[in-house]
Amino acid sequence: MPRVKKQQYTKPIPEGAEWTTTYVRRQGVKVEVQAVRFRGSDGRMTTRPVVESGKTAGKAYRTSPPPTTGG
């Protein structure tokens, strides 16, 4: 079964988000990047990497779409 990479998109950083760092993999290498930690819509804490280049650099975070069910 082929794998399909989900398209990532950006959202603005919410008020009261805590700035921190996290690790992401880029071409198999672990890299430390800026991130934000905040409480999501479900009430749980989440950590997401911050956009590093482009129009929304430093103003938005990257996220992937919610899971969908096939049918």
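The values are calculated or read from the model by the stated rules, or taken from the named source; none is laboratory data. Being a predicted model, the structure only gives us computed values, none of them experimental. Using ideal geometry, Cβ is built from the backbone for each residue, glycine included, and neighbour counts are taken over all protein chains shown.
Remarks
- Residue within segment 23-41 that is small (G, A, S) and within 10 Å of the chain's Cα centre (by Cα) present: yes
- Any hit, segment 44-63, residues being at pLDDT 90 or above, in contact with an Asp or Glu (Cβ under 8 Å, 6 or more places away or on another chain) and in a strand (DSSP E or B): no
- Looking only at segment 10-38, and only at residues there that are without any contact (Cβ under 8 Å) to a residue 12 or more places away in the chain and of a type in the set (K, R), the one that is farthest from T63 (Cα to Cα): K30
- Evaluation of S53 against (1) closer than 17 Å to E18 by Cβ; (2) loosely packed, with under 14 Cβ neighbours inside 10 Å (one fails), failing number: (1)
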